[in-house]
Structures are given as C-alpha cells and as structure tokens.
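In what follows, a structure is listed as structure tokens, so that the remarks can point back to it.
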Amino acid sequence: MRNYSERRWIAAGLAVILLVATPLAALAQDAPSSEPSPEKLLREMSEELKSAKNFSFHAEINFDDVLISGQKLQYAGAVDVTVRRPNGLYVDYRDDVSAKRFWYDGKAGTLLDVVQAKYSQADLPGEIDAAMDQLQKRYDLTLPLANLISSDLFEMIDEHVLAWGYIGVHDVEGAPAHHLAITGQNADLQVWIQKDGRPVPLKFVVTYKNSPSAPQYEAVLMDWDLEAKVAANTFASALPEGAQKIEFLVVEGSK
C-alpha cells in the first residue's frame, strides 16, 4: 500500500505554502484607486472563516497529473469538509483514482483508505492548527484544502507573497465574485471571493508554473454553511468492518 502522503492526496491540499514570492512589480499598478484592495478582500475572507465556530462546505476539484512524456492528464474529485473549532474535523475525499476519509476529535486522527479498507491512527494535539501542523511535519500528510481549515488563512498567504492583483468581478457558478491574482516564484494563485453576502471563497486555482507542463489544481467551493449544526459523533471514526490497521509512515528525523 502506498504511503498515505501519496502524491494525489497531497495535491488535494491547497498549496498556498508553495507561493514563495519574489519582489515583483504590482500586478495592478495602473489600476484605478477605486478598485478594492486584494489584501483587504483576502483578510475579510480569512476573518469570516476564522470567526465561524462550526462550518462545512463542498468542493469540486480538478487537478493535472503530468506523464513522463510531458502530456497532462486531468482528474476530477470532490471533498466534503466539516469543522468544529477548536478540535473537530471530518474530511470525505474522493477522486477518479482514490477515496479517503479523515476524522479528528481533538485527541487523535484517523485516516481511512476507502478503496483498500486500510486505516492509520495517530495521537494529535488538542487544536486543529497544531494537529494539521503535526500531520504535515511528522507524517508528510496535508489534508485537502487544509489552509481553509486553519485559523488564519491570510497570514499563511501574506507571509510568502509580495505581489497582489485585483482582476475584477467575475462569475463563479452564477455568483459574482472578486477575482484576485497572487504571483509567486514557484506557483501562481487565483482566488475568487463571493461579492454579495458573506465573503467566502468560491474558487481557487493554483498553477505550478515551474513544474514540467505547468500543472494546475482547481477547486470550486459551494454549499457553505458557516453556522453548521454538527452531530456529536461527526468526528468519531466510523471504520468499515474488517478494515486493516497499518502504521503511518514517519518522516525521518521528525519528533
């Protein structure tokens, strides 16, 4: 069985942390001053998600895989995420080649490979941010759209990005959205934030421009519920009968 940190599972994590930016000219330096500030819009979106104690959303995902020949193949997937701050998380992910579920209850994390009926468990810190940090550092595991789950998405982006651009108001599945562009050295990020109503993200596109054939990862987000009523057993692992337990692979030198 492959390590649970296999490429497609990691690819499903919104790789904002890869946007290590270099000083670039402002993307919209000649834009009218009346245009919204992309930093302000992103901060408002981050604060909206941070203030939500219980929330859930659905995402439709497309991502590229590059063959040795250089040809890009596109795969499709979907994920449902439920969050209870500060210590509850459930992720149900599936795509054309895999399916996985993850439960976190403030004490432990359980990752199930639905196709192979194998699972791993690990003790984790008592808050979501610390738990995700340990998953990444100790087990090389990044959850799908993990940055949306963190308590401060803006800081995670702003720490690495020096160039921003406001592109305009564009459509996402029939809804008007502020379209932002963030340029980095290794990857470019586009974000669409809902214009009317609460400023939730409606779409992300990451372009890994320095990788062969510049593969992309796209997520369209919908069904936002920022006041979700979450059942108490949502974050308790529900393993199929006969599932085989295996150990997480630990990153060499991690603590």
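Throughout, read-outs are computed from the coordinates displayed, never taken from laboratory work. Nothing here was measured: the structure is a model prediction, and the numbers come from that model. With ideal geometry, Cβ positions are generated from the backbone for all residues, glycine too; neighbour counts draw on all protein chains shown.
Springs join every pair of Cα atoms under 10 Å in this Gaussian network model of the chain, and among G165, G174, G184 the largest mean-square fluctuation is at G174. Listed values (i) 14.7; (ii) 16.7; (iii) 13.5 include one computed from this model; for mean projected area of the Cα convex hull in nm² that value carries the label (i).
Remark: region 7-245 carries a charge dipole of roughly 620 debye about the Cα centre, counting +1 on each Lys and Arg Cβ and -1 on each Asp and Glu Cβ. For region 137-255, the square roots of the Cα gyration tensor eigenvalues, ordered a ≥ b ≥ c, give a/c of at least 1.5 with a/b no greater than b/c, which places it in the oblate category. Each of I193, S37, V97 was scored by the projection of its Cα onto the charge dipole of region 7-245, and the greatest displacement toward the positive side belongs to V97; charges sit on the C-beta of Lys, Arg, Asp and Glu.
To the nearest ten degrees, helix 128-139 and the longest principal axis of the Cα atoms of the chain are 70 degrees apart.
The gain in end-to-end length when the R198 to A228 segment is fully stretched comes to 9.3 nm, 0.36 nm per residue minus the alpha carbon separation.
Only one residue of A131, H160, A59 has its Cα farthest out toward the positive end of the dipole of the chain, where Lys and Arg carry +1 and Asp and Glu -1 on Cβ, and that residue is A131. A crude spin-label estimate for the pair E252 and K107, with each label 7 Å from Cα along the Cβ direction, gives 3.5 nm. Pairs of lysines in region 7-245 whose Cα atoms sit within less than 14 Å of one another amount to 6, provided the residues are eight or more positions apart or on different chains. Kindly identify region 175-231 as rounded, prolate or oblate by the Cα gyration tensor criterion: order the square roots of the eigenvalues as a ≥ b ≥ c, call it rounded if a/c is under 1.5, otherwise compare a/b with b/c, prolate if a/b is larger, else oblate. Prolate, because a/c is 1.5 or more and a/b exceeds b/c.
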